[in-house]
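This report refers to the structure that appears directly beneath it.
What follows is calculated from the coordinates using simple rules that are stated; it is not laboratory data. None of these values were measured; they are calculated from a predicted model. Every residue, glycine as well, gets a Cβ built from its backbone with ideal geometry; the counts of neighbours run over all protein chains shown.
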Amino acid sequence: MFSAALLLAAATTTVLAETLTTQSSVINTFPDFSACAAQPSVFSCENTTAIKNTCCSPTPGGLVLQTQFWSTYTGLEKKGQKLPKSSWTIHGLWPDNCDGSYESYCDATRQFDPTPDKSTNFSAWTGPSIDTFVKKFGRHDLLDYMEKYWINQRAPNADFWAHEFSKHATCTSTFDIACYGPKYKKHQDVVDFFDAVVRAFKQYPTFDILASFGIVPSNTTSYTRTQIETALKSQTGAVPYLGCSTNGTILTEVWYFSHVYGTEQFGTYKTLDSTTKSSCSATAPIRYLERTPGSEREVRK
């Protein structure tokens, strides 16, 4: 007969071994930016000469937008797809050109969108869901965060992630496959992009900023566009784009515009005033609606 102590020790050893195996299965997704050491870093869109190595600075899409949604429901609550309590959600990370124009769906070989925009000639992706790419790199931590904060409406979250990668990341030069060198692992760029999206989102805690100024979701209280813009500018240094529906009276989106020093993955973001005119009314009361009951879940641990 084995003693309880021996059984406990064996169980502990097994758990430890499984933990180490899981940890060792995580694969790094770093690009090869070593050549950038020989190229002076600048804020994107502010270079006075052409960028020689486009892996070193987002080109031409150097006006970077970190975009967020305020949604009140998902339509898939019964399947457990809910919104994070006390937080806005991720929309994406977009590369606008320095003149305000933009490209989309720039690489047909990296088209994973099951519902690509009708303006493209790309076929719908019918292969594995994009979350399986992330799982193969052992990045369950990343997927967990995305499932909490990067939420789709009326369709699985992974469909939304695939849309954002295919439409925007493929037009961002620092995520080009060439930037990963000869040791590139398939879909490494996908994981790297998702990491960058999360990192950028964390820079702009919209819910917390607004709440600290007394601007909270309410079905009875309204606010002015100036109040909302002033609060966000006080903490970011610039006026973001505010998006509203229903004749410009219901707040639904915010876009933070930046130039980036270095690469979109790891560089420093310098926030700029929006180059896009707000769709929120400058005179009518703005409603920042409460979430539908049962559409939220607590995500902070």
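Taking 0.36 nm per intervening residue step and subtracting the Cα-Cα distance, what contour gain separates Val216 from Phe266 on full extension?
Extending this stretch completely gives an extra 14.8 nm.
Under 14 Å from a point 7 Å along the Cα-to-Cβ line of Glu77: which residues of segment 150-174 have their amide N that close?
Counting only backbone N, you get 154.
How would you order 192-199, 159-166 from highest to lowest mean count of nearby Cβ atoms within 10 Å?
Answer by packing, highest mean first, reads 159-166, 192-199.
When a/c is below 1.5 the answer is rounded, else prolate if a/b is larger than b/c, else oblate, so apply that to segment 78-228 with a ≥ b ≥ c taken from the square roots of the Cα gyration tensor eigenvalues.
Cα axes put segment 78-228 in the prolate bin.
Peptides 279-290, 116-127, 139-150, 82-93: what's the order by average Cβ count within 10 Å, highest mean first?
Final packing ranking: 82-93, 139-150, 279-290, 116-127.
Can you tell me, using C-alpha contacts under 8 Å and at least 6 residues apart, the relative contact order of segment 168-253 as a whole percent?
Worked out over segment 168-253, it gives 14 percent.
As a test, work out the antiparallel percent of DSSP beta bridges whose residues both lie in segment 238-287, rounded to the nearest 5.
Taking every DSSP beta bridge with both residues in segment 238-287, the antiparallel ones total about 90 percent.
Relative to 2.2 N^0.38 Å, what does the C-alpha radius of gyration of the chain come to as a ratio? Two decimals please.
Relative to the 2.2 N^0.38 Å estimate, the chain comes out at 1.12.
Using the structure shown, select from Lys85/Lys148; Lys136/Lys186; Lys82/Lys136 the pairs with a Cα to Cα distance greater than 19 angstrom.
Violating the 19 Å Cα-Cα cut-off are Lys82/Lys136.
Under 23 Å Cα to Cα from Lys118, which lysines show up? Leave out anything in the same chain fewer than 8 places away.
Once the sequence-local lysines are set aside, what remains near Lys118 is Lys167.
Below 8 Å between Cα atoms, with a sequence gap of 6+, how large is the relative contact order for the chain in percent?
24 percent
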